[in-house]
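To keep things clear, I will list the structure first and then write my remarks on it.
The values are calculated or read from the model by the stated rules, or taken from the named source; none is laboratory data. As the structure is a prediction and not an experimental result, all values here were calculated from the model. Methodologically, a virtual Cβ is constructed for each residue, glycine included, from the backbone with ideal geometry; neighbour enumeration extends over all protein chains shown. We work out accessible area using only protein heavy atoms, side chains counted, and drop any ligands, DNA or RNA first. Shrake-Rupley method; radii C 1.70, N 1.55, O 1.52, S 1.80 Å.
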Amino acid sequence: MVQLTLPKGSAPKKGKTWPKPKGKNVKKFKVYRYSPEEGGNPRWDTYFVDTDQCGPMILDVLIYIKNHIDSTLAFRRSCREGVCGSCAMNIGGHNTIACTRGWDEVAGPHISIAPLPSQPVVKDLIPDLTNFYAQHAYVQPFLKTDTPEPEKEWTQSEEDREHLDGLYECILCASCST
Amino acid sequence: MHLEHLPAETLAARLPGISETAKVFSGVDVTREPIPVLPTVHYNMGGIPTNFHGEVLTKNDGDPDSVVQGLMAVGEAACVSVHGANRLGSNSLIDLVVFGRAAGLRCGATLDAGASQPSIDEKQTESHLARFDRIRNADGEHTVADLRLEMQKAMQDNCAVFRTGDVLDEGVEKIEAINKKAPSMRIEDRGMIWNTDLLEALEFDNLIGQATVTVNSAANRKESRGAHAREDFDQRDDENWMMHTLAWSNEGGDVNIDYRPVHNYTMSNEIEYIKPKERVY
């Protein structure tokens, strides 16, 4: 069997454990941290969040941590409604976008949150997507036609439009990259 | 919002995105139940005044259309004054398709690619770098998250669409108080790579300036017009208020207000000026 090992310096070590607040519904989150400026191996920091104090999604948890516990945590986010693809990460072992994954949907005693695997990590939960974008551009993901350019505009029938179902919904979140 | 009177097939075909969002965030099946709706900020109307080329305008020696050489603004940052017309389709269509393109064409027409640029006087860049440094090393008592939340609450409570002079004046005071706290802001991350703590602090610094001019301009305008619906002045007053507000704010949050006239002519003989009129429902 092939032995898969992480490159030197990339195995996460145990990191800081932040204080546990009081509350009935406190959940434990292990978050991957890496600082390019401090160097050294990445680490798993442990945060406890009172889920009664924050919204229903993993992104709400991350924003709660950034606003109330540790503002140095870096992650990408923009629309927080599942349309922009910025907050893709690995949550509880699955690649997904953090804004539509509820913390109550992830089983286990704690929830792990890590950057998308198989991409270089820029910082904390932020992967370098340069290669992903290059590959995306390489496949030329747009419609091509053999028919001559019309004088005014292309028209599309409802049937033609239906051919696109299942192909156009991609939000470029890169969750499919592993 | 009720959609359940529409056939399920129509909803699936025409509104798949809204149907999914309602399910994910509210647990609502749009074919059976209404969607809960809350007001939020969708777009900031107004902005840096520009002409139709995207060139920034200021008032200079009484000339309200004086171009600030070399400075351009487009999109949500800019105000070409297409106002509500821009909101159709919910995606800044006119800002992007018409004025974004116009700004690009203007750059092409006024700049030479690869031309050498005069060196910038250090005095001019010093204040920008000083601002960056001040915020990157901010070590005061208030977190950015706390200041931002206080600003958000003040704007939501005191600068919503329906407003009165009392509510707006209170908003002016609240925003002034936040401006006073802003210099003692604190961030934790001092890094120079993907420092989102710093990024959010810089965003807050931009937003508090915008909140300051917005609430002061609103308190100053004693009439109702579009999204500025004053219950104490519920009529539109073209005689006194058919003009744009210009507002300047300094770093401390002091605001100066002036005005520029509304252009009431077209630039072509092909179409006549269309007089704005009160919107009725």
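Quick notes on this one:
- Residue tally, condition within 30 Å of A:Ser78 (Cα to Cα), among the β-branched types (Val, Ile, Thr) and modelled with pLDDT under 90, over region A:142-178: 1
- Selection of first residues in region A:25-49 that are in a strand (DSSP E or B) and of second residues that are acidic (Asp, Glu) and open to solvent by less than 50 Å² (accessible area, probe 1.4 Å), restricted to Cβ pairs under 6 Å at least 6 apart or on distinct chains, gives the following pairs, ordered by first then second residue: A:Val26/A:Asp50; A:Val31/A:Asp45; A:Arg33/A:Asp45; A:Arg33/A:Asp124.
- So A:Leu6, is it surrounded by 14 or more Cβ atoms within 10 Å (Cβ to Cβ) and under 21 Å from the mean Cα position of the chain (by Cα): no
- Which listed residue, of B:Ala218, B:Ala201, B:Ala177, is of a type in the set (Gly, Ala, Ser), free of Cβ contacts under 8 Å to residues at least 60 places away in the same chain, surrounded by 15 or more Cβ atoms within 10 Å (Cβ to Cβ) and part of a helix (DSSP H, G or I): B:Ala218
- Annotation: of all residues in region B:1-50 being in a helix (DSSP H, G or I) and more than 14 Å from every other protein chain (Cβ to nearest Cβ), the one that is nearest to B:His228 (Cα to Cα) is B:Leu11.
- Counting only residues that are under 14 Å from B:Val144 (Cα atoms) and touching a residue at least 24 places away in the same chain (Cβ under 8 Å), region B:204-215 holds 4 of them.
- Set B:Val24, B:Val41: member being open to solvent by less than 80 Å² (accessible area, probe 1.4 Å) and closer than 25 Å to A:Arg101 by Cα: B:Val24
- Candidate set from region A:19-45 (those that are of a type in the set (Lys, Arg) and within 17 Å of the chain's Cα centre (by Cα)); member that is farthest from the other protein chains (Cβ to nearest Cβ): A:Lys30
Listed here are the residues, each with its yes/no results for (1) in a loop (DSSP other than H, G, I, E, B); (2) open to solvent by 60 Å² or more (accessible area, probe 1.4 Å); (3) away from chain A (no Cβ under 14 Å); (4) over 30 Å from B:Arg221 (Cβ atoms).
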residue: B:Ala103; (1), (2), (3), (4): no, no, yes, no
residue: B:Ala109; (1), (2), (3), (4): no, yes, yes, yes
residue: B:Asp112; (1), (2), (3), (4): yes, yes, yes, yes
residue: B:Asp189; (1), (2), (3), (4): yes, no, no, yes
residue: B:Asp205; (1), (2), (3), (4): no, no, yes, no
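- Selection from region A:47-69 of residues that are β-branched (Val, Ile, Thr), within 16 Å of A:Gly23 (Cβ to Cβ) and open to solvent by less than 30 Å² (accessible area, probe 1.4 Å): A:Val49, A:Thr51, A:Val61, A:Ile65
- Count of region A:70-83 residues which are surrounded by fewer than 17 Cβ atoms within 10 Å (Cβ to Cβ) and in contact (Cβ under 8 Å) with a residue 24 or more places away in the chain: 1
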